[in-house]
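Peer 1: What follows is a single structure, and I will ask about it in a moment.
The values are calculated or read from the model by the stated rules, or taken from the named source; none is laboratory data. Because the structure is predicted, anything quoted here is derived from the model rather than measured. So basically every Cβ, Gly included, is an ideal-geometry build from the backbone, and we count neighbours across all protein chains shown. We work out accessible area using only protein heavy atoms, side chains counted, and drop any ligands, DNA or RNA first. Shrake-Rupley method; radii C 1.70, N 1.55, O 1.52, S 1.80 Å.
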Amino acid sequence: WNPSEAHVILSGGFDRTVHLSDMRGTGGSAGNSVRWDLQADVESMIWDPHGPTCFLVSCEDGSVCKYDTRMGTASKPVWTLHAHDKPCCDLSLCFHPAAKGLLATGSLDKSVKLWDVSQD
């Protein structure tokens, strides 16, 4: 769920897609949906705490991508980071304003890496 827009949910899976749905539809069903096709299976997703319209997704190929939901269906990533050689299973963005843009990634390659993504 989006922490800034409580009615918006983001889901992704091994079908290599990410879906954003607005759950204000009748009976709690998804009224408006946006879809992105990725190059690899989705491993993890997080909302950007400093940009409520943006999310990050990590994939089985070790990549991390940032998307801006305002760009709509099938839009290209804002940026792509080739973070690991094996699946990137975990993402964390620092919530503290003094460390805005500090991204931690974890992978099956048995490494945790820190990235400065503040200049996107």
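Peer 1: Filter region 86-120 down to residues that are among the hydrophobic types (A, V, I, L, M, F, W, C) and part of a loop (DSSP other than H, G, I, E, B) and give me whichever is most open to solvent (accessible area, probe 1.4 Å).
Peer 2: To start, the set of residues in region 86-120 that are among the hydrophobic types (A, V, I, L, M, F, W, C) comprises 88-89, 91, 93-95, 98-99, 102-104, 108, 112, 114-115, 117.
If we keep only those that are part of a loop (DSSP other than H, G, I, E, B) as well, we get 94-95, 108, 117.
Numbers: Cys94: 37, Phe95: 151, Leu108: 103, Val117: 26 Å².
In this case the residue turns out to be Phe95.
Peer 1: Does region 94-101 contain any residue that is modelled with pLDDT of 95 or more and of a type in the set (A, V, I, L, M, F, W, C)?
Peer 2: Just the residues of region 94-101 that are modelled with pLDDT of 95 or more, to begin with: none.
No, region 94-101 contains no residue that is modelled with pLDDT of 95 or more and of a type in the set (A, V, I, L, M, F, W, C).
Peer 1: Now for a separate question. Within region 29-52, can you find the residues that are over 15 Å from Val8 (Cα atoms), open to solvent by 30 Å² or more (accessible area, probe 1.4 Å) and not in a strand (DSSP E or B)? Break it down stepwise before answering.
Peer 2: Let us first name the residues in region 29-52 that are over 15 Å from Val8 (Cα atoms), namely 36-44, 50.
Add one more test, that the residue is open to solvent by 30 Å² or more (accessible area, probe 1.4 Å), and what stays is 37, 39, 43, 50.
Within region 29-52, Gln39, His50 qualify.
Peer 1: Name the residues in region 104-120 that are over 11 Å from Asp90 (Cβ atoms) and of a type in the set (A, V, I, L, M), would you?
Peer 2: Leu114, Val117 - these are the residues of region 104-120 that are over 11 Å from Asp90 (Cβ atoms) and of a type in the set (A, V, I, L, M).
Peer 1: Hey, can you tell me all the residues within region 29-60 that are under 24 Å from Trp115 (Cα atoms) and of a type in the set (S, T, N, Q)?
Peer 2: Gln39, Ser44, Thr53, Ser58
Peer 1: So for region 58-65 (the condition being assigned to a strand (DSSP E or B), within 24 Å of Asp109 (Cα to Cα) and open to solvent by 30 Å² or more (accessible area, probe 1.4 Å)), does at least one residue qualify? Let's see the steps before the verdict.
Peer 2: First, pick out the residues of region 58-65 that are assigned to a strand (DSSP E or B): 58-59, 63-65.
Right, trim to within 24 Å of Asp109 (Cα to Cα) and you get 58-59, 63-65.
From what is left, the residues that are open to solvent by 30 Å² or more (accessible area, probe 1.4 Å) are none.
Looking for residues that are assigned to a strand (DSSP E or B), within 24 Å of Asp109 (Cα to Cα) and open to solvent by 30 Å² or more (accessible area, probe 1.4 Å), one finds none in region 58-65, hence no.
Peer 1: Any idea which of (1) surrounded by 19 or more Cβ atoms within 10 Å (Cβ to Cβ); (2) free of Cβ contacts under 8 Å to residues at least 12 places away in the same chain is the one Ala6 doesn't satisfy?
Peer 2: (1)
Peer 1: Select from region 66-76 the residues that are among the charged types (D, E, K, R) and buried (at least 17 other Cβ atoms within 10 Å of the Cβ) and list them in ascending order. Working first, answer last.
Peer 2: Here is the first cut: in region 66-76, the residues among the charged types (D, E, K, R) are 66, 68, 70, 76.
Passing the criteria: only Lys66.
Peer 1: Turning to a different aspect of this structure: Within the group Phe14, Phe55, which residue is surrounded by fewer than 15 Cβ atoms within 10 Å (Cβ to Cβ) and either in a loop (DSSP other than H, G, I, E, B) or touching an Asp or Glu at 6+ places or on another chain (Cβ under 7 Å) (or both)? Give the derivation first.
Peer 2: Values: Phe55 fails: surrounded by fewer than 15 Cβ atoms within 10 Å (Cβ to Cβ).
Phe14 is the lone residue from the list that is surrounded by fewer than 15 Cβ atoms within 10 Å (Cβ to Cβ) and either in a loop (DSSP other than H, G, I, E, B) or touching an Asp or Glu at 6+ places or on another chain (Cβ under 7 Å) (or both).
Peer 1: Further, regarding this structure: Looking only at region 1-11, which residues are in a loop (DSSP other than H, G, I, E, B), in contact with a Phe, Trp or Tyr (Cβ under 9 Å, 6 or more places away or on another chain) and over 17 Å from Lys66 (Cβ atoms)?
Peer 2: Going through region 1-11, the residues in a loop (DSSP other than H, G, I, E, B) turn out to be 1-7.
Now narrow it down to the ones that are in contact with a Phe, Trp or Tyr (Cβ under 9 Å, 6 or more places away or on another chain): 1-4, 7.
Hits for region 1-11 are Trp1, His7.
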